[in-house]
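The structure under discussion appears below in the form of structure tokens.
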Amino acid sequence: MPDRTLRLLLPLVLISGTLIGPGQLWAQCAVCGNPAVAFGDNDIARTFLADAPKRLRWTASLNYVGQRYADIYSGSQRLKQAEKSAIMFTPDWQLDTHQMAAFLGLELKSGSQISLVLPIAVARSQRISDLEDADGKDSEGHPIATSTDKGMADVELRLRQRLSPLTGRLPLGIRDVILSAGLAAPTGHFIAKDPNGAEPDGYASLGRGTWWALGDLEVIGRISPRLGWQAGSSLRKPLTTITNAGFLFRWGTEIRSFGTAVVRVLPDRFHASVGAEWLWRSSGEERIFEGLPIDDFPNGGGRWLTAVVALQARIVGGISVHSAIRMPLWRRVRGQQPVPGFGATLGVGWQG
């Protein structure tokens with residue numbers, strides 16, 4: 001398709017959209033609502049470097065994110081070990097997620113971009129054992145076992161549009177505004193509950209079992225030659241409902257907002273950032289048996305505040321490496337839910 005035609009078509013597709021970065025990875029545990037690990041854009045250097053390309057530009061990266069769930073919260077309070085044991089049947093329950101994602105993007109001179117996220121993941125949980133698969137004992141002497149689920153996670157496709165190539169210079173030190181719209185496909189393994197129920201960690205899975213509409217908005221600005229900022233918000237709305245043998249489940253809508261300060265430590269070579277992320281999720285809905293009313297999911301939804309510190313270094317040419325640490329600051333959940341602890345991100349990217 002000619003470049004001129006693409007310049008005309010892509011902005012039209014994006015009119016109703018809104019951004020966040022190469023994409024997000026999700027590993028979830030359906031018994032605890034929808035705790036999830038967000039994996040957004042790691043290119044903090046774009047505050048100073050990433051204008052719309054002068055010609056066709058390819059972007060690729062390989063990213064790892066690790067996260068542990070071990071604490072159970074009710075409201076804004078962490079449950080004691082005895083209370084955790086009453087819910088999960090062992091005080092040593094925990095869920096670790098390890099995720100890798102390949103990001104591929106193609107951007108035109110018009111600032112229009114199409115991007116694809118291809119994730120694989122491993123969810124590893126320490127749970128109460130049924131004796132047949134026991135591989136040890138917990139701190140209370142109960143038999144426990146380790147279970148692992150691995151494979152494809154949910155694929156995400158986005159269309160993006162930079163406003164600066166279309167509008168020219170922006171006011172108030174804003175370098176760019178980026179809009180995007182997309183879809184997340186249920187390609188990851190997901191286990192839907194049935195009327196017979198399951199063990200507390202029996203739903204640990206790599207996908208979320210439904211299609212999602214994605215809409216994002218991001219604003220990039222600069223205060224001085226060495227100090228910049230990024231801010232934005234994103235919406236994830238489920239499009240389909242999960243059913244299984246009379247059981248019905250709908251995920252809650254999710255809204256994520258963030259603000260980040262970026263420091264240009266070494267021009268064109270090394271950048272650092274510190275910021276915060278606010279995440280809100282509605283509870284979702286559930287029906288246990290056919291014929292019963294659909295009610296709010298009792299252990300779903302909440303609000304999370306997280307600090308994020310990141311570093312990015314350019315190695316040679318268009319190759320860069322990045323790392324980030326996610327530190328939970330505050331959370332208030334509905335019902336009783338495992339919550340994410342500290343998380344880490346590592347990645348390598350290429351642009352050319």
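Take the Cα of LEU346, step 7 Å toward its Cβ, do the same at ILE288, and the gap between the two points is 4.5 nm.
Taken along the Cα-to-beta-carbon direction at a fixed 7 Å, the label points for ILE174 and SER323 span 3.5 nm. When the convex hull of its Cα atoms is viewed from all sides, the stretch 221-347 shows a mean projected area of 10.2 nm². Tell me, how many Å apart are the Cα centres for the stretch 67-117 and for the stretch 268-296? Going from one Cα centre to the other spans 10 Å.
For the peptides 142-150, 288-296, the ranking by mean Cβ contacts within 10 Å, running from highest to lowest, is 142-150, 288-296. Extending 7 Å from Cα along the Cβ direction at GLN77 and again at ALA245 yields two label points whose distance is 3.6 nm. Peptide packing for 165-177, 115-127, 241-253 was compared via the average number of neighbouring C-beta atoms within 10 Å per residue; ordered from the highest value, the list is 115-127, 241-253, 165-177. FRET efficiency for the ARG55 to LEU116 pair, using the beta carbon distance and R₀ = 22 Å, is estimated at 0.60.
Each reported figure results from applying straightforward, stated rules to the coordinates on display, with no laboratory input. Computed from a predicted structure; not experimentally measured. Every residue, glycine among them, receives a Cβ derived from its backbone with ideal geometry; neighbour counts consider all protein chains shown.
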